[in-house]
Amino acid sequence: MSDQPEISTHEIDSLYLKLKQEALKAGYYLNPDLSFTKDLVKSLIINKNRFGYEACPCRLAAGERKEDLDIICPCDYRDDDINQYNACYCALYVSKKASLNEIVIKSIPERRPPKQMRVKIAEEKQKQEGKSQNLSNLPFPVYRCKVCGYLCARPEAPDICPICKVTKDRFERFI
C-alpha cells in the first residue's frame, strides 16, 4: 500500500483535457499515445500532491520549489527539446509531426545542468543583474517568462503568464 491517495480516472482525464486545450491554444501538442500521456499526467498529479507543484515526472525533484523551478511542467527545456528532438524530455509535449505520428520519438538526452552548475549559473545571473540595472532608463523592469519567453515591463512579474500559464516564480528579471 502506498501513502499516496489514489488518483481517480476523472482527475487524470480533467488534467489531461486542461493540458491539451492549453497546449493547442499556445501551439503545442501532447503525445498522441493516450495511455502513455495519461500515465505522465497521473505522475504530474502525484508530484503536485507530493511537492505542491507539478514537477517533471521523468526527473528527480528536490522537493523544494525554488530549486525545482526549471523542471516544473512545462519545464524550461521543453522548447529546445521539441525543436531538436521532436519531444520534450518526458515526451509529454511533442512536435506537430510527432503528434501526427509522422515521425517516431526517440530518446531525448537530459538538457538540465547538474545541480552544481545550476547554482553557479544562478550566481552569475545575480551578478549580471546587479550590473545591468544601471544600463536601463526604463520606468519599469522587464521580466521574461523562462518557459515561453514572454516579456513584460511592469513593477513586478505577472502572477500568471498570459501565454503559457506558468506562475510568477517562473519569471526572471530580463532588464
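The values are calculated or read from the model by the stated rules, or taken from the named source; none is laboratory data. Because the structure is a prediction, the values reported are computed rather than measured. Using ideal geometry, Cβ is built from the backbone for each residue, glycine included, and neighbour counts are taken over all protein chains shown.
Applying the condition of being under 16 Å from the mean Cα position of the chain (by Cα) and outside any loop (DSSP other than H, G, I, E, B) to segment 47-56 and asking which residue is farthest from CYS88 (Cα to Cα) yields PHE51.
Can you tell me which of ASP39, ASP13, ASP76, ASP68 is more than 18 Å from PRO109 (Cβ to Cβ), within 11 Å of the chain's Cα centre (by Cα) and not β-branched (Val, Ile, Thr)?
Details: ASP39 fails: within 11 Å of the chain's Cα centre (by Cα); ASP13 fails: within 11 Å of the chain's Cα centre (by Cα); ASP76 fails: more than 18 Å from PRO109 (Cβ to Cβ).
Checking each option against the conditions leaves just ASP68.
In segment 48-69, the residues that are closer than 18 Å to LYS38 by Cβ and free of Cβ contacts under 8 Å to residues at least 40 places away in the same chain reach residues that are small (Gly, Ala, Ser) and assigned to a loop (DSSP other than H, G, I, E, B) with C-beta atoms within less than 6 angstrom, at least six apart or across chains, in these pairs: ALA55/ALA61.
If you filter segment 5-33 down to residues that are hydroxyl-bearing (Ser, Thr, Tyr) and assigned to a helix (DSSP H, G or I), you find that the one that is surrounded by the fewest Cβ atoms within 10 Å (Cβ to Cβ) is THR9. Which pairs do you get when a residue that is free of Cβ contacts under 8 Å to residues at least 24 places away in the same chain and surrounded by fewer than 18 Cβ atoms within 10 Å (Cβ to Cβ), found in segment 95-112, comes within reach of a residue that is assigned to a loop (DSSP other than H, G, I, E, B) and hydrophobic (A, V, I, L, M, F, W, C), reach meaning Cβ atoms under 6 angstrom, with the pair 6+ apart or on two chains? Hits for this filter: LYS97/ILE103. Consider LEU30 carefully, then state whether it is within 14 Å of the chain's Cα centre (by Cα), at pLDDT 95 or above and aliphatic (A, V, I, L, M). Yes, satisfied.
Condition (residue is of a type in the set (A, V, I, L, M), within 18 Å of TYR28 (Cα to Cα) and not in a loop (DSSP other than H, G, I, E, B)) applied to segment 73-90: is it met by at least one residue? Give the derivation first.
First, the residues of segment 73-90 that are of a type in the set (A, V, I, L, M): 82, 87.
In the following step, the residues that additionally are within 18 Å of TYR28 (Cα to Cα) were identified as 82, 87.
With not in a loop (DSSP other than H, G, I, E, B) added as a condition, the list becomes 82, 87.
Yes, segment 73-90 has at least one match.
When ASP169 is tested against (1) acidic (Asp, Glu); (2) in the same structural domain as TYR16 (by TED's automatic domain parsing); (3) farther than 20 Å from LYS18 by Cα, just one condition goes unmet, and that condition is (2).
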